[in-house]
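The values are calculated or read from the model by the stated rules, or taken from the named source; none is laboratory data. Bear in mind that the values here come from a model prediction, so they are computed numbers and not experimental data. So basically every Cβ, Gly included, is an ideal-geometry build from the backbone, and we count neighbours across all protein chains shown. Quick note on the areas: whole protein, heavy atoms, side chains included, nothing else; ligands and nucleic acids left out. Shrake-Rupley method; radii C 1.70, N 1.55, O 1.52, S 1.80 Å.
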Amino acid sequence: MKKIYLMAIAAAFTFGMTSCEDFLDSENYTEANTANYPASAGDLNKELAALYGVMNQYSTDPLQSPWFVPYLMSDDANGAGGTGDVECHAIGHLMVNKENIFDNAWHNTYVGIARANAIIYAVDAFDWTGQETTRNQLLGEAYFMRGLFYLWGSQFWGNIPAYWAAAAPDPCPQQDAETVIYPHILADFVSASNLMTHGATTRGDGHATKGAAEGMLARAYMFYQGFYLKQGELGGSKELPIVSFEGFNQEGAGNSLTKEQVIAFLEDAINNGGYSLVKDFRLLWQYTNQLTAPDYPFVADLAAKGEYWAGDGNSEEMFQVQFMNAGSWNGNIGMGFTNMASLYCGLRCDDDGAGHKNGDAGTMPFGQGWGQGTINAQLWDDWSDSDPRKRATILDAQAECPGFVFTTSCSEDAGYYNKKLMPITCSGSSFDDFNQYYTWWGVYRHSKEIGAPNDNSFQGDHFGDIVLLRLADVMLMHSELTGTADQMNKVRARAGLAPTTYSWQNIKDERRFELAGEGLRFNDLRRWSGKNGGASCEAATSLERQNGTRVNYCGRWTTMHHAASSWAARYAATDGFLQIPPSQILITDDENVLKQNAGWGASVADANMSGTPVY
């Protein structure tokens, strides 16, 4: 079990390079103090820690994070929450409720890019003689993170301001994602894959690895080929366009990238990365921890065998956001040191009007939270009961929790919750005082005499990793690219399912169910649909299936409908891209530098949500 004081990735979270000059925000993140910092090769490790710390900055608000926003936008989830939670409803309906809804997401993306560039362009200012492997690993991690931030930014907003130099130009105009940004993203992941060495860092220590770079390369490559180049099914003998890196002159990137190279990188990650599938799918999720499993009937068989949660940084995790016992409502990163997505996805914390509330012993082991990101009923209905992953992933709260109630403020709540993200309690929890050791993490922390910095277990004791890449995903990408069932069937075998044959539909179904609730579904649908897919593409029609699904609204059953038009219409209008923060448009005040995405703006009738949908 991970010691919750010892997460290293945010150790230098106070470090920053800022000034008051304008660039892509109200601050510049590249130029201040560059005359005297970094002063040594050791300083680059502090910069690297600060670079990873940006992921914790995203974590302060899941509704602006690259892992939770796509989850809410997908057909996996409803925005849900309470009747006053307009922001999560707006995201779930592909709308906005305020101008600054994604300001922090934009801000953090460019902080990350600037910090990565600072390392890349400072690395050879120092003598690495005899330490070439260390130098290459550090540089590879910086390339990995730069590629990741550009991938997140371009999937959020499409054509965005972009630069690949030590400092940003002024002005820094939007670049075309298809022809400029994605080739650079892919080059960054290729560089990272070639520069890093398997085993150079300890698995699960928060650092990017060679295997993680190879997996993220495939994710970016498949989105690029599917969404931008509209290649449809990628598998089998189908030839895909070669991606050119001519003119980049980037270390480790080479001149081009082919489908065969991406497959080879995936095979290297699978065979040589040191990762393995956790033997039981349930062991990936916190409800199988030692303090909880003995009292949770769903996993009693595991507890009887002494098999418990594989833990943060387990053998299947390839890259993750990590947390530590430092969450606070104050400070630079504050609650970014606790997994706020768990709090958001907990059982709605209001009562049913008669004083009955969720989160007590009657709903153990599932804890109280804000009730956002509930599972959409059509996912439950589509998923066969014969697949053990269904109930391992989705909590049917009415069936499993005798104390569960639909609250007087709930909205878009079908009673299905995401077990992969929910807060988990145990028999030692202080159900009479949520500020004490309420979650299982709180009980563990209390048993080790570790204090809580914010004295709020309900909102602060969530330290499970946000898993951004795991081996099962990499194996499924391999099957999809090769058009073979071997790796897919290994994933199915782990779940106790019979082997199947490869087909595009089979691999799409397998990704939907294996990775349900992990924030990947939305961009999978986009790449299977292609750019400018319109209202009849797979993404649009899948999202539209949310219309008419059953939900509970303030204690009564009803059905969902779109707040303004339809999910299909909103997807067709936006292609799944978010609104660029209007404040950034205002700063540049030049459409040749920064232009708003299609489907957004005050003049777009169905883009703006003024209040929570009433059902």
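Contour minus end-to-end for Ala304 and Thr258, with contour as 0.36 nm per residue of separation and end-to-end as the Cα-Cα distance? All intermediate terms of the calculation are to be shown ahead of the outcome.
On the way: separation 46, 0.36 × 46 = 16.56 nm, distance 4.86 nm.
Additional length available on full extension: 11.7 nm.
Report the one residue of Met340, Pro613, His356 whose Cα lies farthest in the direction of the positive end of the charge dipole of the chain (charges on C-beta: Lys and Arg +1, Asp and Glu -1; origin at the Cα centre).
Working it through, the farthest residue towards the positive pole turns out to be His356.
Which value, in Å², gives the accessible area per residue of the chain when a 1.4 Å probe is used on the protein heavy atoms? Each step should come with its number before you reach the end.
Values: 20810 Å² over 615 residues.
Solvent-accessible surface per residue comes out at 34 Å².
Give the calculated FRET efficiency between His356 and Trp329 to the nearest 0.05, with a Förster radius of 30 Å applied to their Cβ-Cβ distance. Display every interim value, and only then the final one.
On the way: r = 29 Å, r/R0 = 0.95.
In this case the efficiency is close to 0.60.
May I ask you to list the aspartates and glutamates whose Cα is less than 14 Å away from that of Lys230, ignoring any residue fewer than eight positions away on the same chain?
Glu178, Glu239, Asp524, Glu538, Asp575
Roughly how many debye, to the nearest 20, is the charge dipole of the stretch 47-116 about its Cα centre, given +1 on each Lys and Arg Cβ, -1 on each Asp and Glu Cβ, and no other charges? Numbers along the way, then the final one.
On the way: 2 positive and 8 negative charges, 33 e Å.
Magnitude of the dipole: close to 160 debye.
Using only the heavy atoms of the protein chains and a 1.4 Å probe, how would Glu307, Glu449, Glu132 rank by accessible area, largest first?
On the way: Glu307 40, Glu449 170, Glu132 95 Å².
From most exposed to least exposed: Glu449, Glu132, Glu307.
Calculated FRET efficiency, Glu246 and Asp268, Cβ-Cβ r, R0 22 Å, to nearest 0.05?
Once rounded, the FRET efficiency stands at 0.35.
Can you send over the carbon and sulfur percentage of the accessible area for the stretch 86-208, probe radius 1.4 Å, protein chains only? Intermediate results must be reported in sequence, preceding the final value.
Working: 1620 of 3630 Å².
Using a 1.4 Å probe with all protein chains present, the stretch 86-208 comes out at 45 percent carbon and sulfur.
Can you find, among Asn272, Ala293, Gln261, the residue sitting farthest towards the positive end of the charge dipole of the stretch 216-315, where Lys and Arg contribute +1 and Asp and Glu -1 at Cβ?
Result: Ala293, furthest along the dipole toward the positive end.
Can you tell me how much longer the chain between Thr179 and Thr129 gets when fully stretched, taken as 0.36 nm per residue apart minus their C-alpha distance, in nm with one decimal? Please report the intermediate quantities before stating the final value.
On the way: separation 50, 0.36 × 50 = 18.00 nm, distance 3.76 nm.
Stretched fully, the Thr179-Thr129 segment lengthens by 14.2 nm.
On a straight-distance basis, which lysines could pair with Lys98 in a cross-link, Cα separation under 28 angstrom, same-chain partners fewer than 8 positions away excluded?
Result set, ordered by chain and number: Lys531, Lys595.
Can you give me the three principal axis dimensions of the chain from its C-alpha atoms, in Å, biggest first?
66, 54, 54
Could you work out how much longer the chain between Arg550 and Asp43 gets when fully extended? Use 0.36 nm per residue separation minus the Cα distance between them, nm to one decimal.
Values: separation 507, 0.36 × 507 = 182.52 nm, distance 5.47 nm.
Contour length minus the Cα-Cα distance gives 177.0 nm.
Beta carbons within 10 angstrom, averaged per residue: use that to sort the peptides 337-345, 407-415, 511-519, highest first. List each step's numbers first, then the result.
Working: 337-345: 27.9, 407-415: 24.2, 511-519: 22.0.
Ranked by mean Cβ neighbours within 10 Å, highest first: 337-345, 407-415, 511-519.
Tell me, what % of the accessible area of the stretch 270-347 is carbon and sulfur with a 1.4 angstrom probe? Show your work: numbers first, answer last.
On the way: 1190 of 2540 Å².
Here it works out to 47 percent.
Take every Cα pair under 8 Å in the chain that's 6+ residues apart, average their separations, divide by the length, and report that relative contact order as a whole percent.
On the way: 1294 pairs, mean separation 118.7, N = 615.
About 19 percent, as a whole number.
Here is the link list: Lys419/Lys490; Lys259/Lys390; Lys279/Lys305; Lys279/Lys420. Which ones come out longer than 25 Å on Cα distance?
Numbers: Lys419/Lys490 23 Å; Lys259/Lys390 33 Å; Lys279/Lys305 13 Å; Lys279/Lys420 17 Å.
Cα-Cα > 25 Å for Lys259/Lys390; rest within.
Only Lys, Arg, Asp and Glu count, each charged at its Cβ (+1, +1, -1, -1), so figure out the dipole size of the chain about its Cα centre, rounded to 20 debye. Mind dumping the intermediate values first?
Values: 41 positive and 71 negative charges, 246 e Å.
That gives the chain a dipole magnitude of about 1180 debye.
Leaving out ligands, DNA and RNA, and with a 1.4 Å probe, what % of the accessible surface on the stretch 458-615 is carbon or sulfur? Could the numbers behind the result be given before it?
On the way: 2830 of 5640 Å².
It is 50 percent, rounded to a whole number.
Would you mind pulling out the separation of the Cα centroids of the stretch 399-457 and the stretch 347-379, in Å?
Result: 10 Å between the Cα centres.
Ranked highest first by the average count of other Cβ atoms within 10 Å around their residues, in what order do 577-583, 236-242, 248-254, 89-95 fall? Can you show the working numbers first?
Values: 577-583: 20.9, 236-242: 12.0, 248-254: 15.9, 89-95: 27.6.
Averaged packing, sorted descending, gives the order 89-95, 577-583, 248-254, 236-242.
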